[in-house]
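Chemist: Following this message is one structure expressed as structure tokens.
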Amino acid sequence: MGLMYRTFLEGSVVYACGKCRTHLATDEYVLSRQFQGKYGTAYLFHQVVNVMQGDEQDRAMTTGLHTIKDVLCSKCKTTLGWIYVKAYNDDNKYKEGKCVLESKLLAEAH
Ligand SMILES: [Zn+2]
């Protein structure tokens, strides 16, 4: 296979994969820094780039049942977080299509 095309981002803060430094999002894509991930604080982004998505799965969270897909770095395949596919209660509908990344697994470039 040839070279994989990767998007490079510019912003005052760029969030990258902590392992291979592939760019994922900028601070302008952040909706919330108040999310809880498996490893502590997680950020909610309205958009991320350079990721692959796993299969849909149902996951019971503190805020209720959600259908999610794992989000993996497109280069090193590290699982970095998840995307909300469907929320089953109205308070959480705004999360659909949004992506949560674990802050511990990210590198920040300023
Ligand atoms: Zn990576």
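The values are calculated or read from the model by the stated rules, or taken from the named source; none is laboratory data. None of the values given here were measured: they were computed from a predicted structure. Cβ sites come from the backbone with ideal geometry, for glycine too, and all protein chains shown count toward neighbours. Surface accessibility is based on the protein's heavy atoms, side chains included, excluding ligands, DNA and RNA. Shrake-Rupley method; radii C 1.70, N 1.55, O 1.52, S 1.80 Å.
Chemist: Round to a whole angstrom and tell me the spacing of the C-alpha centers of the range 87-105 and the range 1-79.
Modeler: For the range 87-105 versus the range 1-79, the Cα centre distance is 11 Å.
Chemist: Suppose accessible area is computed on protein heavy atoms with a 1.4 Å probe; arrange His46, His66, His23 from highest to lowest.
Modeler: Most to least solvent-accessible, the answer reads His46, His23, His66.
Chemist: Pairs of lysines 8 or more apart, or on different chains, with alpha carbons under 22 Å: count those in the range 38-110, would you?
Modeler: Summing the qualifying lysine pairs gives 21.
Chemist: While we're on this one: Name every cysteine in the chain that ends up alone, with no second cysteine's Cβ under 4.7 Å, or say none.
Modeler: Cys99
Chemist: Shifting gears a bit: What is the ratio of the Cα radius of gyration of the chain to 2.2 N^0.38 Å, where N is its residue count, to two decimals?
Modeler: Normalised Rg, Cα atoms only: 1.04.
Chemist: What list of ³J(HN,Hα) values in whole Hz, one per residue of the range 96-104 in order, does the Karplus curve 6.51 cos²θ - 1.76 cosθ + 1.60 (θ = phi - 60°) give from phi, with Gly and Pro shown as x?
Modeler: With the stated coefficients, the range 96-104 comes to 4, x, 8, 10, 9, 10, 6, 4, 5 Hz.
Chemist: Please turn the phi angles of the range 7-24 into ³J(HN,Hα) values with the Karplus equation 6.51 cos²θ - 1.76 cosθ + 1.60 (θ = phi - 60°), one per residue in order, whole Hz, x for glycine and proline.
Modeler: 7, 9, 10, 10, x, 5, 10, 10, 8, 10, 4, x, 8, 10, 6, 5, 5, 10
Chemist: Continuing with the same structure: List the residues whose amide H sits under 5 Å from the amide H of Gln36, counting only those 5 or more places along or on another chain, with H placed 1.01 Å from N in the peptide plane.
Modeler: Correct list: Ala42.
Chemist: Taking R0 as 25 Å, what's the FRET efficiency between Ala109 and Gln53 from their Cβ-Cβ distance, rounded to 0.05?
Modeler: 0.55
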